[in-house]
1. Any chance you could count how many residues in the range 65-102 are in contact (Cβ under 8 Å) with a residue 24 or more places away in the chain and more than 23 Å from Trp144 (Cβ to Cβ)?
2. Any chance you could count how many residues in the range 145-168 are surrounded by 20 or more Cβ atoms within 10 Å (Cβ to Cβ) and in a helix (DSSP H, G or I)?
3. May I ask you to list the residues in the range 46-64 that are farther than 15 Å from Leu27 by Cβ and touching a residue at least 40 places away in the same chain (Cβ under 8 Å)?
4. Please go through the range 134-176 and pick out each residue that is closer than 24 Å to Ala96 by Cα and among the basic types (Lys, Arg).
5. Out of Ala139, Ala186, report the one residue that is in a helix (DSSP H, G or I), modelled with pLDDT of 90 or more, out of contact with any Phe, Trp or Tyr (no Cβ under 7 Å at 6 or more places or on another chain) and closer than 28 Å to Pro29 by Cβ.
6. With respect to Leu121, is the statement that it is in contact (Cβ under 8 Å) with a residue 60 or more places away in the chain and aliphatic (A, V, I, L, M) true?
7. Pairs only if they're at least six apart or on different chains, beta carbon under 9 angstrom, first in the range 152-173 and closer than 11 Å to Leu113 by Cβ and among the acidic types (Asp, Glu), second at pLDDT 90 or above and buried (at least 19 other Cβ atoms within 10 Å of the Cβ); list them, first residue then second.
Amino acid sequence: MSQALVHSGARQALAVTPADEASVAVLGPREGAVGRVLGPIFAAHGLTICWLASGAEIPGSYWGAREAGLQDRVLYVRADTPVHSALHEGCHYLCADETRRAQLDTDAGGDELEECAVCYLSVVLAQALPGVGRERLLADMDAWGYSFRLGSARCWFEEDAADACAWLTQRGLLAAATGICGLPPALSI
């Protein structure tokens, strides 16, 4: 594990990053376990997943390479796209209002609290993905380099994310009793 001081605007956070970012979970094929579940989750909210061929350039990708891309109401991915990336970009769509959804292209925008809500929602949705789950997603977020004030995604999620949870609840994206609002019944968390 390596540690680095990460600067994010006026904030500083100690990021603890495992040495092997290449070990993060990837989506696999559209017809695979993760693809079969992720598609209906996002489709329930009007987001379509477009699966691209191996090595194809991903439109709307903020980070490039194999990272997910977002344009309008379409999430672009490949089989080698990290799960955390697809969830993150898809959750940006879920958190955007209708006006922003219609204009999404590469940079989803939003403020710092919305960004935290996107991360929180990603962790919650990971629970519905076969072979992924909360623990794996939190570890993958650390491996990729997400940075949080408390040093790890897990510490942030468990100890410092009440504002993100409240933001999601106020907007009807999270319900304390049933998990994510608007999921097909078979996928409720």
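1. 4
2. 6
3. Correct list: Gly46, Gly60, Tyr62.
4. Arg134, Arg171
5. From the options Ala139, Ala186, the qualifying one is Ala139.
6. No; evaluated as a whole, the condition is false for this residue.
7. Going by the 9 Å Cβ cut-off, the qualifying pairs are Asp163/Cys116; Asp163/Ala117.
The values are calculated or read from the model by the stated rules, or taken from the named source; none is laboratory data. Predicted model only: the values in this text are computed from it and were never measured. Using ideal geometry, Cβ is built from the backbone for each residue, glycine included, and neighbour counts are taken over all protein chains shown.
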